[in-house]
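What follows is a short report on a single structure.
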Amino acid sequence: MAPVERVVLIVIDSVGIGAMPDAAEWGDAGSNTLGNISRKRGGLPLPNMGRLGLGNLTEIQGTPPEVQPAGAYGRMAIASQGKDTMTGHWEMVGIRPEAPFRTYPDGFPEDLIAEFCRRAGVPGVLGNKVASGTEIIKELGEEHLRTGWPIVYTSADSVFQVAAHEERFGLDRLYHVCEVARDLLRPPHRVGRVIARPFVGTDRSNFTRTANRHDYALEPPRMVLDEIKDAGMSVLAVGKIGDIFSGHGITWGEHTKSNADGIRMIHDCLDRHEPGLIFANLVDFDMLYGHRRDVEGYAQALLEFDAALPGIMAKLGPRDVLVVTADHGNDPTYKGTDHTREYVPVLLCGEPVRSGVNVGTRSSLADLGATVADLLGVPGTGYGTSFAEQIRK
């Protein structure tokens, strides 16, 4: 059978479907991003994802199970010891879990900060604590403008985030200090991402983050994206995908300003008709609504994506497969502001895909990477079990 020509892999960032068995160890017992949103608002009708089998995976008020789903469907566990963007995406492309990325719940060590300041040419930093990105610029933005010191903060994820005023501190300078931090934060520190967080405004009443965020990730080992690229096919990266993999295995990439912008770019990529992989991350679910515990905002973003799905599906060719999945959970009804340790959905459709196939509960997101490799006819990484034969017509 001829391999699939294109796979369109859309990660709806943080859309979990229920707590994993070890969720209590992460403080996440009872989390269920989709299920709890639907219960909190008294319904969440997602008819297009529902037709593909989403409602068969967890109880979603307003999205009932389908007797005969129009796609293949299942759920995937995260095998790695983490519940963050890089952990989920790296595992998804067949990268075997190593030591967990390091987190710093009490801030970064003084000697590390001192070395960062020395190399970056700044007299000091503000913050150096776990904080919300929007709140810390309100708290420290005016002091940043007075002193010129960058704001450093982290979260429950393995991140070193640097916020600075885009005009007063300068965007190029912010990117430079983040590159310095990236060079410092290699093993044994093994911080997954350094993130530049530029903002504008004159005081705490109007400080606003801009779209010029930039992520600097650890260099990944060889993965499925490399195999696709080396086979002469395209790997088109939409959103933060290029940053997550430090540009490895990518033939083209562009950042997005919003989910709507990401969906527009997915259409543009489909219009290019290039064999290979279109790999998109739609981050608003996580960044704007999950962390901020905005249930209604999250729900509206889901409704908008679901409404956009038929337009994407209409552009699939006869040898194209669409995959919708997530990288972790972020239940906006849950305590705190952190990601949640959840199963994620995997929904597949397109002419090459058998309808009504339940691929079950997969033990790792790497099963999806192995499946994508099989569908495109390229080698996998040896990590993950493909379910391509289950879903092929």
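Filtering segment 201-230 to residues that are in contact with a Pro (Cβ under 6 Å, 6 or more places away or on another chain) and surrounded by 22 or more Cβ atoms within 10 Å (Cβ to Cβ) leaves only E227.
How many residues does segment 271-290 contain that are assigned to a helix (DSSP H, G or I), farther than 16 Å from G311 by Cβ and of a type in the set (D, E, K, R)? Before you say what the answer is, go through the steps one by one.
In the first step, residues of segment 271-290 are kept if they are assigned to a helix (DSSP H, G or I); the result is 271-272, 284-290.
From what's left, farther than 16 Å from G311 by Cβ: 272, 284-290.
After this cut, where a residue has to be of a type in the set (D, E, K, R) as well, the list is 272, 284, 286.
Total meeting the criteria: 3.
Among what's in segment 51-75 and is small (G, A, S) and in contact (Cβ under 8 Å) with a residue 24 or more places away in the chain, pick the residue that is farthest from T340 (Cα to Cα). Before you say what the answer is, go through the steps one by one.
Within segment 51-75, the subset small (G, A, S) is 53, 55, 62, 70-72, 74.
Next, only the ones that are in contact (Cβ under 8 Å) with a residue 24 or more places away in the chain stay: 53, 62, 70-72, 74.
On the way: G53: 22, G62: 23, A70: 29, G71: 27, A72: 25, G74: 19 Å.
The qualifying residue farthest from T340 (Cα to Cα) is A70.
This table checks each residue for (1) surrounded by 19 or more Cβ atoms within 10 Å (Cβ to Cβ); (2) farther than 24 Å from Y289 by Cβ; (3) of a type outside the set (A, V, I, L, M, F, W, C); (4) not assigned by TED's automatic domain parsing to the domain that holds S363.
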| position | (1), (2), (3), (4) |
| --- | --- |
| D84 | yes, no, yes, no |
| T87 | yes, no, yes, no |
| V125 | yes, yes, no, yes |
| S132 | no, no, yes, yes |
| E135 | no, no, yes, yes |
| G148 | no, yes, yes, yes |
| I151 | yes, no, no, yes |
| D157 | yes, no, yes, yes |
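Would it be correct to say that D268 is assigned to a helix (DSSP H, G or I), under 17 Å from A314 (Cα atoms), of a type in the set (D, E) and at pLDDT 95 or above?
In short, yes.
Being part of a helix (DSSP H, G or I), touching a Leu at 6+ places or on another chain (Cβ under 7 Å), in contact (Cβ under 8 Å) with a residue 40 or more places away in the chain and not aromatic (F, W, Y): is that true of A299 here? Spell out how you get there, then give the answer.
Working: part of a helix (DSSP H, G or I): yes; touching a Leu at 6+ places or on another chain (Cβ under 7 Å): yes; in contact (Cβ under 8 Å) with a residue 40 or more places away in the chain: yes; not aromatic (F, W, Y): yes.
Taking the combined requirement at face value, the residue satisfies it.
For L236, state whether it is part of a helix (DSSP H, G or I) and more than 30 Å from L112 (Cβ to Cβ). The answer is no for L236.
So that you can scan it fast, the table gives a plain yes or no per residue for (1) crowded, with 18+ Cβ neighbours inside 10 Å; (2) among the small types (G, A, S); (3) touching a Cys at 6+ places or on another chain (Cβ under 6 Å); (4) not assigned by TED's automatic domain parsing to the domain that holds K40:
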| position | (1), (2), (3), (4) |
| --- | --- |
| G232 | no, yes, no, no |
| S246 | no, yes, no, no |
| I266 | yes, no, no, no |
| E274 | no, no, no, no |
| N281 | yes, no, no, no |
| Y289 | yes, no, no, no |
| G297 | no, yes, no, no |
| A301 | yes, yes, no, no |
| I312 | yes, no, no, no |
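Scanning segment 356-393 for residues that are surrounded by 18 or more Cβ atoms within 10 Å (Cβ to Cβ) and assigned to a loop (DSSP other than H, G, I, E, B) yields V357, S364, L365, V378, G380, T381, Y383, G384, S386, F387. If only residues of segment 289-305 that are under 18 Å from the mean Cα position of the chain (by Cα) and either among the polar types (S, T, N, Q) or modelled with pLDDT under 95 (or both) are counted, the one that is farthest from T154 (Cα to Cα) is R292.
The values are calculated or read from the model by the stated rules, or taken from the named source; none is laboratory data. The model shown is predicted, which means the values in this text are computed figures rather than measured ones. Reconstructed Cβ throughout: ideal geometry from the backbone, glycine too, with neighbour counts over all protein chains shown.
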